[in-house]
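All of the numbers you see were taken from the coordinates with simple rules; none came from a lab. Source: prediction; values computed, not measured. Neighbour counts are summed over all protein chains in view; Cβ atoms, including those assigned to glycine, are modelled from backbone coordinates with ideal geometry.
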Amino acid sequence: MPASLRAHYRWLLTLPTPPPRRLLDVGAGDGRLLQVAADLGIPHLTGLERKRRWNPANRDFAPTIADAHRLPFPNDSFDCVVENESLEWIKSPIRYLKEAARVCTPSGLVITDDSDWDTLVYAVRDTALARRVLRAFCDTGPNGWIGRAAPSLMRQAGLRDIQVHVRVITEREFAPHTLGHHQAQIIDDWLRQTGNITPTRLDDFQADLHHTAHRGDYLFTLNRYICLGRPAPHSS
Ligand SMILES: C[S@@+](CC[C@H](N)C(=O)[O-])C[C@H]1O[C@@H](n2cnc3c(N)ncnc32)[C@H](O)[C@@H]1O
């Protein structure tokens, strides 16, 4: 796991006070957040994914295969429900957030943690090409502005006492284990598939990244928007 991401998850998981005992991660992917949660000693961990064949490397949690729009848990099952980078893929974020509020106890917290793709920065020489590539990624992906939309979505889902934090993920190293390197690959794959930028221009962008890193001038930053909200008391 990239060091910048591990540090981010550690920070995020120390936001709820008191620390959660029953944590649900929706759209858990490889279970990276849950791995950090286990390291922090959070005792009851559940991960949920919609993938039919889900085989996460990390096994520190109870895996559940289900859809985020219909969480298969009774009311008040958790004292923290979190998602990272999944909201943009969930068809109805408000419906999901209502479900998250239902399965979370009213004294607990629902947390969203999402990048805003319009805040992606790579320091490279060809700034015009970087602007084209990053804008195309933001505008053709599922929801490039989900980070900045999250507080409003939480409010519309009926969550209360909403707090918003912004963290800038920052890296100066371009290497396979870094987030910026991984993200550049996702951008490349995505834009080759959608055809919005020609393969030659994508090759130019990749080469520019490598040259910049070689010169020691590389910088990657990305804004993550973290929202915390409390569920309203459930009417029985
Ligand atoms: C970009 S990945 C993020 C994975 C992980 N949270 C992380 O930050 O590394 C988004 C994940 O959300 C899952 N997902 C998308 N829509 C979902 C839904 N409706 N219900 C459950 N999981 C969903 C996808 O299968 C995918 O694993």
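For the range 10-166, place one equal point scatterer on every Cα, skip the solvent, and apply the Debye formula. What is log10 of I(q)/I(0) at q = 0.13 Å⁻¹?
Taken in order of the listed q values, log10 I(q)/I(0) reads -0.63.
Just the C-alpha atoms of the range 86-197: what Rg/Rh do they give, with Rh taken as the Kirkwood radius? If you can, show how the numbers build up before the last one.
Numbers: Rg = 16.5 Å, Rh = 15.9 Å.
A ratio of 1.04.
When a footprinting reagent is the concern and you count Cβ atoms within 10 Å, what order do Cys80, Cys138 take, fewest first? Don't skip to the end; give the middle numbers.
Working: Cys80 24, Cys138 17.
The order, fewest Cβ neighbours first, is Cys138, Cys80.
Could you give the nm distance between label points at Thr64 and Lys91, where each point is 7 Å from its Cα heading toward the beta carbon?
Result: 2.0 nm between the two label points.
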